[in-house]
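S.K.: Okay, here's the structure, questions in a sec.
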Amino acid sequence: MKTLLRTLFAFLLLNFLGCSPQEAKNDTSSQEEKTWWKEGVLYQIYPQSFKDTDGDGYGDFKGVIEKLDYLGSLGITMVWMNPFFESPMVDNGYDVSDYRAIHPRYGSMEDFQAMLDGMHARGIKFVLDVVVNHSSDQHDWFLQSRSSRDNPYRNYYHWWPAEKGTPPYRHSLFDPEGAWEYDSLTNAYYLHTFAEQQPDLNWENPKVRQEVYDIMKFWAEKGVDGFRMDAFQFASKDTTWPEFPEGHEEDFIKWYGMRPQLHEYLKEMYAEVIEPFGVFAVAEGAGSTFLDAHDLVDADRKELQMAYHFETVDLSRTPEGYELEDFKNVFSKWDSAFAEKGWISIFLSNHDNSRLVNRFANPSPEFRTPSTQLINTFLMSMRGTPFTYYGDEIGMTNIDMPTIEEYVDVEALGKYQTAKASGQDLEEFMRILNYSSRENGRTPMQWDSTPQAGFTTGTPWMKVNENYVEINVAAQEEDPNSILNHFRKMVQVRKENPALVYGKYELVQKEHPEIYAFTRTGEGQNLMVVLNFSQNPSSIELETLPTDASVIINNYSTLDVNGNTLNLKPYQALIFSVDQ
Ligand code: TEU
């Protein structure tokens, strides 16, 4: 039902924009400027889980330095690293207490510089996570702000004096008690969209905005190439403080985020930082309409360069999984909307989600390899910059955490409290949490089959997945047909075939229940991508069939063509040139 409503909504919007999805797709004449961030492949590193070199159980910069050649060998061209700044770590670093200092667990500023230089030497650009919708409650700005009502930093945050009564209820994404927190020190409430230790910065205050630009300049001067703007849709909010309407948690952004001022702030940021430093910026979130998304990223807007939407990950939040039809619809719809103008990223997993394999592929031992290869083929074949998450290049899977006591994530704990307070079936809640929690995506990188997967010599901050003996980088290096080596091939294929970056996307046999087939045409190429999303063999009739000579990628060693029919093995993934 939800999907149906969304599809209807998107359809109405496209009409509102003056084009049907079909027209939008066909009109691809004037793509905007070609650039490195469109042509690149981004790899996301969750630093505390990547590689530990000092035995404290947390990944560090020296660990990334040790793995620079590995990163180079993947062929990726950008790294986005989750926050590593000074922080009390209530939300694993998304609660920053000093934006110019590095948390000691990751190393020093010299280590950071060495890591950055090492990436640059390998042609890899660096994208910094900028967490400025909120700071930590331990940031000096907040300590000052809460100290007295007339402190110069008071207006850096949103305060509600208690003599006005209780503030109108506002939903918080992490706190079951809502987004206003009472602080007895000045007898007032402060606003926090996320955890109570993450007070929202007041973007209406020009001083706050200048502080943010100065922080971005500080890092741009060190050589970072791009910024990922965390939770940025919430930076501009409705400060007439209306009551939060019940039942609207899901369209929270529509109610309280993405106010028109957001665009003014972004234009200001573009003029102050993005343009002068020649860096790029990607927003987490794309608003709630295509129009919003275009306003954020179209080149002539001079705001951001890219955005990512959540509709893909929203498809698969329960163990019941997703329907291929919905998957095709989401991607086709977004592609249509951006065929002419603007640019988006393509992502299927990140640190806020469970593992790619469990959500969009098939984790069973029999099918894990071909199905992960298939989903990575898909990721690298769409228009939009592919974002891949550490560990997905080897098919790391979810862990099993059936009881709440094992969880450390602030979001999981908050959701559990909400479920309990509202009398939900906790057994069912845990079944879904075990499948969907963010903890699944944060387990240590599985490097080899030595203890703790070669991640640390100490006790890892988060348990290593038991399957590391089987699923690890070292084992897959040895096997030319591994998920890892297929990933490498796909990165090369994307780099060598500009049609996969810029070409027009057209769905083929939309209604096929098992196969997702589409063409990518342009840049002098005419490519066909055929993916059997089923664990059973399937077939498709095509006008042009692949031959050994025209195949660009195949995750099996065989090709089965019979007359006009292409027969595919379970999770077989093919790309071939239609011209040859
Ligand atoms: O997430 C922002 C956000 O909108 C969250 O609701 C996110 O979708 C949710 O955590 C999914 O489980 C960003 C970061 O990516 C996240 O890790 C942080 O916890 C959050 O901001 C607060 O900084």
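The values are calculated or read from the model by the stated rules, or taken from the named source; none is laboratory data. Quantities reported herein were computed from a predicted structural model and do not represent experimental measurements. Every residue, glycine as well, gets a Cβ built from its backbone with ideal geometry; the counts of neighbours run over all protein chains shown. Only protein heavy atoms, including side chains, enter the accessible area calculation; ligands, DNA and RNA are left aside. Shrake-Rupley method; radii C 1.70, N 1.55, O 1.52, S 1.80 Å.
S.K.: List every residue pair whose Cβ atoms sit under 9 Å apart, with the two residues 6 or more apart in sequence or on different chains, where the first one lies in segment 88-104 and is more than 22 Å from Glu221 (Cβ to Cβ) and the second, anywhere, is open to solvent by 20 Å² or more (accessible area, probe 1.4 Å) and away from the ligand (no atom under 16 Å from the Cβ).
M.R.: Final answer for the pair search is Met89/Arg105.
S.K.: Would you please list the contacts, defined by Cβ atoms under 6 Å and residues six or more apart or on different chains, that run from a residue in segment 269-290 that is without any contact (Cβ under 8 Å) to a residue 24 or more places away in the chain to a residue that is among the small types (Gly, Ala, Ser) and away from the ligand (no atom under 16 Å from the Cβ)?
M.R.: That search, which allows pairs on different chains as well, returns nothing.
S.K.: Quick check: anything in segment 299-310 within 30 Å of Tyr169 (Cα to Cα) and not in a loop (DSSP other than H, G, I, E, B)?
M.R.: yes
S.K.: Further question on the same structure: So is Phe174 within 16 Å of the ligand (Cβ to nearest atom), farther than 20 Å from Glu246 by Cβ and among the aromatic types (Phe, Trp, Tyr) or not?
M.R.: no
S.K.: Let me ask you something else. Could you check segment 373-420 and list, in sequence order, the residues that are part of a helix (DSSP H, G or I), more than 16 Å from the ligand (Cβ to nearest atom) and in contact with an Asp or Glu (Cβ under 9 Å, 6 or more places away or on another chain)?
M.R.: Listed by number, the residues that qualify are Ile375, Asn376, Leu379, Glu406.
S.K.: Scan (1) within 16 Å of the ligand (Cβ to nearest atom); (2) on the phi > 0 side of the Ramachandran plot for the single condition Ala195 breaks and write down its number.
M.R.: That leaves (2) as the condition not met.
S.K.: Here is a further query. Of all residues in segment 342-372, which are among the charged types (D, E, K, R) and more than 16 Å from the ligand (Cβ to nearest atom)?
M.R.: Scanning segment 342-372 gives Glu366, Arg368.
S.K.: Within segment 312-341, which residues are surrounded by fewer than 17 Cβ atoms within 10 Å (Cβ to Cβ) and either in a loop (DSSP other than H, G, I, E, B) or within 14 Å of the ligand (Cβ to nearest atom) (or both)?
M.R.: Scanning segment 312-341 gives Asp314, Arg317, Thr318, Pro319, Glu320, Gly321, Glu323, Lys341.
S.K.: Where residues in segment 342-372 are open to solvent by 10 Å² or more (accessible area, probe 1.4 Å) and assigned to a loop (DSSP other than H, G, I, E, B), which of them is nearest to His309 (Cα to Cα)?
M.R.: The qualifying residue nearest to His309 (Cα to Cα) is Asp352.
S.K.: Wholly within segment 58-147, which strands (runs of 3 or more DSSP E) include no fewer than the required count, namely at least 3 residues that are open to solvent by 10 Å² or more (accessible area, probe 1.4 Å) and more than 16 Å from the ligand (Cβ to nearest atom)?
M.R.: Answer list for segment 58-147: 98-102.
S.K.: A further question on this structure: Which one is least open to solvent (accessible area, probe 1.4 Å), of the residues in segment 148-171 that are among the aromatic types (Phe, Trp, Tyr) and away from the ligand (no atom under 16 Å from the Cβ)?
M.R.: Once the filter is applied, the top-ranked residue is Tyr156.
S.K.: Looking only at residues that are part of a loop (DSSP other than H, G, I, E, B) and over 23 Å from Pro161 (Cβ atoms) in segment 198-234, which one is farthest from the ligand (Cβ to nearest atom)?
M.R.: Only one residue tops the list, namely Gly223.
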